[in-house]
Structure formats: structure tokens, C-alpha cells
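A quick write-up on the structure given underneath.
Nothing in this text is a laboratory measurement; each read-out follows from the coordinates by a stated rule. Note that this is a predicted model, so its numbers are computed, not measured. FYI the Cβ positions are ideal-geometry reconstructions off the backbone, even for glycines, and counts take in every protein chain you see.
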Amino acid sequence: MADDGVSYPPLDPGLIPEPASSMPPGVSDMGARGTTVRYAREDHTHASKARKERKAVSSGAAASFLMTWVYPTPFGAGVVPIPVGIAEATGTTDSINVQVEGTPTNTQCVFRISRFSQTNVALLGLTILSLVAPGSINVACIALEP
């Protein structure tokens, strides 16, 4: 209270909000106004609805192979996330396809990675596929809670 010479009535303890006792909800796609008066501690966090990781994988001599990605933090039980894999192939002209294989779970998903070496014949406008050269690529893995 300010020291302004004015007498203030005692503060009603029932008017002071209690601190939250549980973790705040995860970030949602649509915001909503809460109904319970609580205050949050300044160092609180919200759970992410996304999992992300960059994985280095080696194709060896295989043109197509499977990669299992275990999420850094599992989603809640019963949640079937939406996974996406993006190949990062610097300094190569190979075409790389990354697709989800099977049904993802709340703990992991499987990606099929197919690598195709290309030789372009500009005169005829053809793409000739040849054997792939062994090498490693990075796959940016992202899974979102629906």
C-alpha cells in the first residue's frame, strides 16, 4: 500500500488468486479465455504440439530403405500425430522421396526413403535414372498433434 496517509481496509485474502497447481495446457490451434482465476509463475511453460528432430541417415547402396523415428517426447495415449519427413541433400542432384510407411503411433513413425540418381539429357528432355551412389542425407522429421 502506498504511504499516502490514507487508511485502507484490510485486504480480503479471498480476492488473491491462487497459483496454478498443474501444468498449463498445451498450445492450441484456437485460443480460448479461461474460466478459473489463477496466476502463473513467470517461469512456466506450455507443452508443444510438435515434435521435431534432424536425423542423419546413410542409404548405403540401397535405393530404398526404412527409417524408424522415435519422437523425442511421446504424444499422449491415443494421439495419432501427423508426421512429415523432408530430405536435406546438399550438393547432390539425386531425387529423394520421403513418405510415411504404415500408421504412426503416439511414440514413433516409420519413413520410407527412396533415393534416385538422375542424369538429365537436355536435348531430348528425358530423365534417365541410374544406380544410386552410397551417401548420407539429413531428414528433417516433424510430427504434429492433430
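Tabulated results
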{"quantity": "Protection-proxy order for peptides 135-142, 41-48, 99-106, each taking the mean of Cβ atoms within 10 Å per residue, highest first", "calculated": "135-142, 99-106, 41-48"}
{"quantity": "Distant-in-sequence amide H partners of Y71 (H built 1.01 Å from N, under 5 Å)", "calculated": "Q108, C109"}
{"quantity": "Nonlocal amide H pairs with K49, under 5 Å, H built at 1.01 Å", "calculated": "V27"}
{"quantity": "Residue-wise HN-Hα coupling along segment 34-47, computed from phi with Karplus coefficients 6.51, -1.76, 1.60 (Hz; x: Gly, Pro)", "calculated": "x, 10, 9, 7, 8, 10, 9, 5, 5, 9, 6, 10, 10, 5"}
{"quantity": "Listed peptides 72-82, 9-19 by packing density, highest first (mean Cβ within 10 Å)", "calculated": "72-82, 9-19"}
{"quantity": "Net charge, N97 excluded, C-beta distance under 11 Å - Lys, Arg +1, Asp, Glu -1", "calculated": "+1"}
{"quantity": "Residues in segment 66-87 reached by a label modelled at S48 [backbone nitrogen below 13 Å; 7 Å Cα→Cβ]", "calculated": "71-75"}
{"quantity": "Sites V37 and I142, calculated FRET efficiency, Cβ-Cβ separation with R0 30 Å, nearest 0.05", "calculated": "0.25"}
